[in-house]
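First the structure, in the form of C-alpha cells, and then the observations on it.
Each value in this text was obtained by applying a stated rule to the coordinates, not by laboratory testing. Only a predicted model underlies this, so the values are computations on that prediction, with no experimental measurement involved. With ideal geometry, Cβ positions are generated from the backbone for all residues, glycine too; neighbour counts draw on all protein chains shown.
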Amino acid sequence: MAPTDPQQLPDDIDALKAMIAAAHAEIAELKVINATADERIARLTSIVAMLQRAQYGTRSERLRHDPLNDEQMAFVFDEIETGIEEIKAGLEARDRNSTAPRPSRPRKGFAPHLERIEQVIEPEVPADCVGLEAVCIGEDVSERLDVTPATFRVIVTRRPKYAYRLADDEDRIVQAPAPHHLIVGGIPTEALLAQVAVSKYADGLPLYRQEEIYARDGVELDRSLMAQWMGRLGFELEPLAQYVLHTIKQGERIFADETQLPTLAPGSGKVKTAWLWAYARDDRPFGGSGPPMVAYRFEDSRSGDCVARHLDGYRGILQVDGYTAYNRLGKDRGANDAMTLAGCWAHARRKFFDLHASDASPFASAVVKAMAPLWAIEEDIRGHNAELRASVRAERSRPIVDELFNMLDRELPRLSGKSKLAEAIRYTLSRRVALERFLADGRIEIDSNIVERAIRPQTITRKNALFAGSDGGGRTWATIATLLTTAKMNGVDPNAWLADTLERIAGGWPNSQIPDLMPWNFKP
C-alpha cells in the first residue's frame with residue numbers, strides 16, 4: 001500500500017514512478033476484485049430471491065419447475081448465504097486499513113427472557129489524567145448472543161433417617177418417601193427422557209447419533225437403553241395421544257393423509273413397508289378458536305379399513321387428497337353415518353404442474369395459470385368466519401372454477417386416452433363434486449396442506465432414522481410424535497411440556513384429568 005503522508009514519498013524520480021505504477025496496478029486489481037465480487041453477490045442474491053419466490057411466493061409465481069423439496073430448498077438457502085458472506089468477508093479483509101466508518105446494521109433485539117451477563121470494559125487512564133476525577137458522560141452498549149453448551153449433571157437425592165425416642169421408650173424412625181420416577185430404579189430424570197424423545201421424534205436426531213453426542217461429554221448412554229426408555233414413554237403417553245385423536249374427531253372438519261414408514265420385519269432382518277396415518281384439526285382458517293392438533297397412527301396397511309377404524313364414529317367433513325381409500329370411505333357410509341369428503345385442489349394442480357414444468361403441454365401451463373387466482377382469494381379470506389368465506393368464494397372463486405372445468409371438458413375429447421394430460425384431466429373431472437365443495441362451505445379449505453405440513457416433520461425423521469425398528473417402535477413413534485408435533489403447532493416448547501408432563505405422570509396423575517395435560521393447556 002502506498003504511503004499517505006507526503007513526507008514519506010521518495011525524492012528519487014525513478015523510485016517515485018515505480019511506486020505510482022504499483023499503486024495503479026493495485027487499484028486496477030481492486031477494481032477487478034470488487035467487480036467480480038459484486039457480480040457474484042448479485043448472482044447469488046438473485047438465486048436466493050428466485051428460490052424464495054418458488055417456495056414462499058404466491059401461487060402465480062410458482063410456475064417454473066423446481067425439483068427441490070422443502071428440506072433441500074432450505075439447504076440451498078443456507079449454502080448460498082454462506083457463499084455471499086464469504087465474499088463479503090474477503091472484501092472487508094482488504095478494506096481493514098480503511099478509516100471510513102462502517103454503517104451500523106439494524107438488528108432485531110434479543111428475547112427479553114434470555115439471561116443478560118454484563119461486561120463492563122473500563123478504558124485505560126491516560127498518564128496525564130491519573131489522580132483526576134472521572135465523570136461518566138455516557139456509554140456505548142452492545143448485545144451479542146452467547147451460548148453455554150448443554151451439559152449433563154447428576155441429581156444426588158439424600159433422604160436422611162431420624163430416630164425419635166417416644167415417652168414410652170419406643171423409637172420411631174422417620175424418613176421422607178422416595179420421589180416417584182417414570183423409570184423406577186433407572187438412571188434418567190424425566191428431563192433427560194424428554195430431551196431424548198424431543199431430539200428423536202421432534203428434531204429428527206436418531207438414537208445412534210445422540211449416543212455419539214453424549215459420549216463427547218463422557219456420558220455413556222447406549223442406544224438400546226434409550227430405545228427401552230422410549231418404549232416406556234410410548235406406553236405412558238398413549239392415553240394422551242388417544243385423547244388428541246378423540247378431540248380431533250369432535251371437530252367439524254378433519255384433514256387426513258398418510259406416508260410410508262419403513263419398518264423391520266420381525267425375524268427376517270428385512271424392511272417392510274408400513275404406514276403412518278395423520279389426522280389434523282385446525283379451525284383457525286375459518287375463524288375457529290380451538291387449538292390446532294395432529295394425531296398419528298401406525299399401521300401395516302394403507303387400506304381404507306385403517307382410516308375407517310381410526311375415524312369410527314366421526315360425522316363431519318373429511319378433507320383429503322385423491323387416494324381411493326378415502327373415496328370408498330365416503331361411499332360406504334349411509335345417510336345416517338354421513339361423512340362429507342372434500343377434495344384438495346393442490347393435488348389436482350400438481351398433475352398439471354408436472355406437465356407444465358417439463359414443457360410437455362401448453363394446455364397444462366394454461367390450467368396452472370388459471371388456477372393461480374384461487375389461492376390469492378384464499379389469502380384474502382383466511383381467518384374470517386365460514387359465512388363470509390363462502391360468500392366471497394361464490395362471487396369470486398365460482399366463475400374461475402366453472403371456467404376451469406369447462407376448459408377440461410373441451411380438451412379431453414381431443415386427447416389420446418393414454419396421454420398424461422388426459423390422465424390429469426380425468427383425475428380432476430372425476431373428483432369434481434369433492435373439489436367444488438369448498439365453494440359452498442366456508443369451513444372447507446381449498447387444499448389439504450394443513451395435514452401435509454403436519455406430516456412433513458415425520459418424513460424428515462424417517463429419512464434420518466432410515467426405518468422404525470419394529471411395529472412397537474412404529475407405534476411409539478406415532479404416539480410421541482402426536483404430542484410433540486401438537487405442542488409445536490400450539491407454539492409450546494415440546495421439551496418443557498414433555499418434561500413437566502412426565503413428572504406429573506410419574507407422580508400418579510389421574511386419567512380423569514388427562515385434558516389438563518394437553519399441550520394447548522400447558523403453562524410454563
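Tabulated values for the structure
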quantity	calculated
Hydrodynamic radius by Kirkwood, which averages 1/r over all alpha carbon pairs of segment 150-260, in angstrom	18.1 Å
Amide hydrogen neighbours beyond the local backbone of Lys272, cut-off 5 Å, H modeled	Thr263, Leu264, Ala265
Amide H within-cut-off set for Arg431, under 5 Å, with H built and near neighbours excluded	none
Debye intensity ratio I(q)/I(0), log10, segment 381-434, q values 0.26, 0.29, 0.31 Å⁻¹ (C-alpha model)	-0.97, -1.09, -1.15
Residues Tyr201, Tyr427 arranged by fewest to most Cβ contacts within 10 Å	Tyr427, Tyr201
Cα→Cβ-extended label distance, 7 Å offset, between Arg504 and Ala111, nm	2.1 nm
Difference of contour (0.36 nm per residue) and Cα-Cα distance, Arg315 to Ile213	32.0 nm
Residues whose placed amide H lies under 5 Å from that of Ile254, excluding near-sequence neighbours	Ile317, Leu318, Gln319
Pair Asp359, Gln513: separation of 7 Å Cα→Cβ label points (nm)	6.7 nm
Coarse-grained scattering of segment 105-214 at q = 0.12, 0.15 Å⁻¹, given as base-10 log I(q)/I(0) from a Debye sum over alpha-carbon atoms	-0.81, -0.97
Convex hull volume of segment 363-482 per residue (C-alpha atoms, cubic angstrom)	166 Å³
Relative contact order (percent, whole number), segment 351-473, Cα cutoff 8 Å, 6+ residue spacing	25 percent
Least to most buried among Val141, Val125, Val451 (fewest other Cβ within 10 Å first)	Val141, Val125, Val451
For segment 113-266: relative contact order, % (alpha-carbon pairs under 8 angstrom, 6 or more apart)	11 percent
Whole-number D in µm²/s for segment 315-424 (Stokes-Einstein; Kirkwood sum over Cα pairs; 4 °C, 1.567 mPa s)	81 µm²/s
Calculated P(r) tail over 16 Å for segment 360-404, as whole % of Cα pairs	42 percent
Estimated D of segment 182-321 in µm² per second, where Rh is the Kirkwood radius over Cα pairs and Stokes-Einstein applies at 25 °C, 0.890 mPa s	140 µm²/s
Residue order, fewest to most beta carbons within 10 Å, for Ser416, Ser361	Ser416, Ser361
Sites Ala167 and Glu238 - FRET efficiency at Förster radius 51 Å, r taken between beta-carbons, to 0.05	0.45
Of Lys200/Lys249; Lys272/Lys418; Lys488/Lys523, pairs whose Cα-Cα distance is over 25 Å	Lys200/Lys249; Lys272/Lys418
Selection of trypsin sites (Lys or Arg not before Pro), segment 162-251, meeting DSSP coil and at most 16 other Cβ within 10 Å	Arg216
Spin-label pair His384/Val433, simplified geometry with 7 Å Cα→Cβ offset, distance in nm	2.9 nm
³J(HN,Hα), Karplus 6.51/-1.76/1.60, whole Hz, each residue of segment 485-493, x for Gly, Pro	5, 4, 4, 5, 4, 9, x, 9, 5
Mean-position separation - Cα centroids, segment 195-247 and segment 473-524, in angstrom	13 Å
